[in-house]
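What follows is a single structure, written as structure tokens, with notes after it.
The values are calculated or read from the model by the stated rules, or taken from the named source; none is laboratory data. As the structure is a prediction and not an experimental result, all values here were calculated from the model. As a convention, Cβ positions derive from the backbone with ideal geometry for all residues, glycine included, and neighbour counts pool all protein chains shown. Note: accessible area is taken over every heavy atom of the protein model, side chains too, but ligands, DNA and RNA are not part of it. Shrake-Rupley method; radii C 1.70, N 1.55, O 1.52, S 1.80 Å.
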Amino acid sequence: MRTLILPVDDSIAESYDSAGPQEKIKINSSVNMLLERFLKKNSNEALFNVIDELSDEAASNGLTIEKLGELMEWDEETMKNLFGEAYK
């Protein structure tokens, strides 16, 4: 595990400094989880944006769900599982 130095309000720093060892462990864990969720969310959003752009470009070039299934050699059941109502 690494240590980050983050600027916080004076009152937050004072409250943290006065917390007991067990309370600091809980605070550290909570902040770690919060940062992890925030960073993963941003990463996922960027990934989904790229996927959407690729999907739009593929569609504008004439790639349909059916053509994709043919290219990937997916059977009917796989296509229904992947695309649900959008397939046929």
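Computed quantities for the displayed model
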read-out: Förster radius 35 Å - calculated FRET efficiency between Glu53 and Ile25, Cβ distance, rounded to 0.05; value: 0.25
read-out: Cα-centre dipole for the chain with unit charges at Cβ (Lys and Arg positive, Asp and Glu negative), debye to 20; value: 460 debye
read-out: Residues of the chain: accessible area per residue with a 1.4 Å probe, Å²; value: 92 Å²
read-out: Within the accessible area of the chain (1.4 Å probe), percent carbon and sulfur; value: 56 percent
read-out: Correct option for Kirkwood radius over Cα pairs in Å [calculated from the coordinates] among (i) 17.2; (ii) 17.7; (iii) 15.5; value: (ii)
read-out: Label-to-label distance, nm, for residues given as Tyr87 and Lys67 (7 Å Cα→Cβ offset); value: 1.9 nm
